[in-house]
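Since the structure comes first, as structure tokens, the remarks are kept for the end.
The values are calculated or read from the model by the stated rules, or taken from the named source; none is laboratory data. This structure is a prediction, so every number in the text was calculated from the model and none was measured. Glycine gets a Cβ as well: all are built from the backbone with ideal geometry, and neighbour counts include every protein chain shown. Keep in mind that these areas ignore ligands, DNA and RNA; they rest on the heavy atoms of the full protein, side chains included. Shrake-Rupley method; radii C 1.70, N 1.55, O 1.52, S 1.80 Å.
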Amino acid sequence: MAQIISLLQAAIVFGTVIMFGCVGETLSEKAGNLNLGVPGIMYIGGISSLAASFFYEKNVENPSVVISIIISIVACFAASALAGLIFSFLTITLRANQNVTGLTLTIFGSGVANFFGGYLNKLAGGVGQISVRETSEGFRKRVPVSDSLAWKIPMMIILVALALLFVYLVVKEVMSVIKAQINKPTKGIRPRDKSMIKLAFRLLIYIACVICLVWMLLNYDSFTQIVFSYGFMTYVAVLVAVLTHYFLKKTRKGLNLRAVGENPATADAAGISIVKYKYLATIVGAGISGMGGLYYVMEYIKGTWANDGTIEGLGWLAVALVIFTVWKPLNAIWGAYLFGILYWMYFYVSGLTRSSQELFKMLPYLVTILVLIISSLSKKKENQAPASLGLSYFREDR
Amino acid sequence: MSSNSEAAVVKAKKPVVKEPLVRLSKRTNMSLGMQILVRALALLLGLVLAALFIFFITDLNPIEVYEAMWDGCFGGVNEMAMRLRISGTIKDICTLLILGIALAPAFKMRFWNCGAEGQMLMGGVATAFVMINYGDSIQGPALLIVMALAAIVVGAVWGLIPAIFKAIWNTNETLFTLMMNYIAIQITSYCVACWENPFGSNSVGIINPSTNAGWFPDIMEIGTYIEAKYFLNILIALISAVSMYIYLKHSKQGFEIAVVGESENTAKYAGISVKKVIIRTMIISGAIAGLAGFVGVAGVDHTISTSTAGGRGFTAIIVAWLSKFNAYIMILVCTLIVFLDRGASQIASQFQLNEYASDIITGIILFTVIGSEFFVNYKMNFRKAAKED
């Protein structure tokens, strides 16, 4: 049990880094810009947040943790957005090839980050010496959960309410199926019922959720360990994913953005400003992706800098996650955690030799390829990549 | 009187049309001289921007820095140092060139093969497998041929898998090949862990250090500055470059590749089987990338590790794109990039500058050259001064 909790904790921390990267990249790809510079942007976001909080801590008498946190978040977003601006200018205005520009941005970003990382380390006194401990601890401050009844009772009530909600959903689905069977026409052409499979799948998920919630109620300690062992940015990531989903699906501007990504010629004819939407989507998307770098630096490696290539690997996993989530930000939430579990599984499965561990590490990429194949087989329009992904738009071509 | 006021009303009602300040139109053709000029200017701008960066961040004289970079590639205190440096530079250019050539046919077909890294690694793994297990049983050139064949076949298979899915189901090849890279890295890690020597070091170490079985033999020195052991590297690179140039420009299959890249529909109307072209081209592309792995393992490192490709697969994408799939221009672009890379290691040690500065400088220069494509492809028409009615 302790192993599973430990695996889940590692998975969620790992998953949050790529969740930021994925949601930002989804926003950019929905507008048609395939930004392969995500690893570079995450590098830049990470190093800028570190540098900002480092200089603040060094130059101020009594650094306030809150201000340091705000400064690092703002610096991270600004620097990542700037990197996104370079990409946007080259691909949207100068209509350069997006793959090549993105890869160059990755090289450039990793160069900038590792260069300034080494430089900051030198300033701080040596390799790996830089440490913004206070700020990092601020980021990692846990939600103060305690055993007192003041906490326990509201939590239990929330869990019970969620469990009841899922039970209600299950009951609703079953009732609708029964009603449909009763009202089914006895004669005439009946459409084939593919929705039965989807319904069964949905019911399974709901029932699984109910079982999980009941288990959490019964094992309250494990529940707090799994859900509350992280800094606030973990929950911010989920919030950002939900907000992005809401923006894309339920607002007018989100609809315009999706139109730009699917068919810019038509959107242009309808009067939507292609340039504005593409620029904003890529820049804001880059800013969000950069937060992944901030989370990595502040929470994953706890406020220091090491010149290894881990961020780059995480960046490519984020790109893979975008495909896995079929360009839907809500899927990024559980998809990121699933990737985290797949990534860390080798550590917790007993009986693996060092060599077979390497094969295990392949799992996230294999799963992504599977999703890629299935989605291209599927032909369903909702699960396709945005149609103009990777293509630049020139009005006279219309 | 009334006609005057009528005329006044008509004149006042005439709409004022403002032309935009800049209007873009696509160029059909730009003379070769102008193209070279545009690229050269972009390169110059990139060098200037990089120099500004060097100066502002590190307070060093940029000219000195560039001189040190040149020194790191082609110079040296004495003849032996120069030999080492120039040989090293040429060796790096060869490996990058082979990768760029591997990507040229795929990119010409607009099949974005981002998997060169993985294909090279798989080729290297196959080569190392033959070297380790058959180094004693097969002798001489036959061993090299078997290694090369193994690398080519494995690389081709690695390139074939994404091609099949693209050909039949239109699966996005950029993302598929990217993922195949990471699977290849993991397979390489697995093999390294299986073959590790000594046990527990997680590295294969130099393969066949005593017998030199499977290493590239010292054939012949070229001039005074290129060591003999790199003769085969240069030979393979040059043969690949010339063959690819002839294949793309002067063969029927090369023509088919160009047509498919230009427009799939045109290819279909012309009776070219797009599926067959995609699969055939990716087999070639993967095979040559596998060959690069063969050169990397047998000719350069004499070992296999996850850093055998070292990010060159991604750099090769940029090389292939910038050289417009022309094998000869690729030689120039490879030289530039290797120069930036090796030069930066030199300035890192000479000026105590962080060696990652090379990535920054490379990035800046690549940005400017990529951006210069715009001026080659599009024409900016500025608003002419308004004429008086």
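Structure summary
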quantity: Enumeration of residues in the range A:346-365 that are at the interface with chain B (Cβ under 7 Å from one of its Cβ atoms), of a type in the set (A, V, I, L, M, F, W, C) and not in a helix (DSSP H, G or I); calculated: A:MET362
quantity: Cβ-Cβ under 6 Å pairs, at least 6 apart or on other chains, the range A:10-30 side more than 10 Å from A:ALA336 (Cα to Cα), far side of a type in the set (D, E, K, R) and open to solvent by 10 Å² or more (accessible area, probe 1.4 Å); calculated: A:LYS30/A:ARG258
quantity: Elements of type helices (runs of 4 or more DSSP H) contained in the range B:291-389, each with 1 or more residues being under 29 Å from B:THR127 (Cβ atoms) and more than 14 Å from chain A (Cβ to nearest Cβ); calculated: B:327-351
quantity: A:LYS122 vs. criteria at pLDDT below 80, in a helix (DSSP H, G or I), facing chain B (nearest Cβ under 9 Å) and open to solvent by 50 Å² or more (accessible area, probe 1.4 Å); calculated: yes
quantity: Selection count, the range B:199-230, where residues are over 18 Å from B:GLY135 (Cα atoms) and either in a helix (DSSP H, G or I) or within 14 Å of chain A (Cβ to nearest Cβ) (or both); calculated: 8
quantity: Within the range B:223-264, tally of residues that are open to solvent by less than 60 Å² (accessible area, probe 1.4 Å) and in contact (Cβ under 8 Å) with a residue 24 or more places away in the chain; calculated: 19
quantity: Top-ranked residue of the range A:361-384 - restricted to ones that are touching a residue at least 40 places away in the same chain (Cβ under 8 Å) and among the polar types (S, T, N, Q), ranked as nearest to B:THR174 (Cα to Cα); calculated: A:THR368
quantity: Matching residues in the range A:320-360 - criterion: being among the hydroxyl-bearing types (Ser, Thr, Tyr) and in contact (Cβ under 8 Å) with a residue 12 or more places away in the chain; calculated: A:THR325, A:TYR337, A:TYR343, A:TYR346, A:TYR348
quantity: Meets criteria (out of contact with any strand residue (DSSP E or B) (no Cβ under 9 Å at 6 or more places or on another chain), at the interface with another protein chain (Cβ under 8 Å from one of its Cβ atoms) and either open to solvent by 40 Å² or more (accessible area, probe 1.4 Å) or modelled with pLDDT under 80 (or both)) for A:THR368; calculated: no
quantity: Residue in the range A:31-68 that is surrounded by the fewest Cβ atoms within 10 Å (Cβ to Cβ), counting only those that are in contact (Cβ under 8 Å) with a residue 24 or more places away in the chain and in a loop (DSSP other than H, G, I, E, B); calculated: A:PRO63
quantity: Pick from the range B:160-181, criterion open to solvent by 10 Å² or more (accessible area, probe 1.4 Å) and more than 23 Å from B:GLY293 (Cβ to Cβ), ranking: farthest from the other protein chains (Cβ to nearest Cβ); calculated: B:ALA167
quantity: Considering residues of the range B:139-159 that are touching a helix residue (DSSP H, G or I) at 6+ places or on another chain (Cβ under 8 Å) and open to solvent by 50 Å² or more (accessible area, probe 1.4 Å) only, the residue nearest to the other protein chains (Cβ to nearest Cβ); calculated: B:VAL157
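Yes/no matrix, rows are residues, columns are (1) closer than 30 Å to A:GLY117 by Cα; (2) surrounded by fewer than 20 Cβ atoms within 10 Å (Cβ to Cβ):
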residue: A:ALA306; (1), (2): yes, yes
residue: A:THR310; (1), (2): yes, yes
residue: A:PHE324; (1), (2): no, no
residue: A:LYS328; (1), (2): no, yes
residue: A:ALA332; (1), (2): yes, no
residue: A:MET345; (1), (2): no, yes
residue: A:SER356; (1), (2): no, yes
residue: A:PRO364; (1), (2): yes, no
residue: A:LEU389; (1), (2): no, no
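Matching residues to (1) within 22 Å of the chain's Cα centre (by Cα); (2) in a helix (DSSP H, G or I); (3) in contact (Cβ under 8 Å) with a residue 24 or more places away in the chain:
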| position | (1), (2), (3) |
| --- | --- |
| B:GLY118 | yes, yes, yes |
| B:MET131 | no, yes, yes |
| B:ASP136 | no, no, yes |
| B:ALA150 | no, yes, yes |
| B:GLY155 | yes, yes, yes |
| B:ILE164 | no, yes, yes |
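Here's the yes/no breakdown for (1) in a helix (DSSP H, G or I); (2) at pLDDT 80 or above; (3) β-branched (Val, Ile, Thr):
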site	(1), (2), (3)
A:LYS179	yes, yes, no
A:PRO185	no, no, no
A:ILE197	yes, no, yes
A:VAL210	yes, yes, yes
A:SER222	yes, no, no
A:LEU239	yes, yes, no
A:LEU248	yes, yes, no
A:ARG258	yes, yes, no
A:ALA267	yes, yes, no
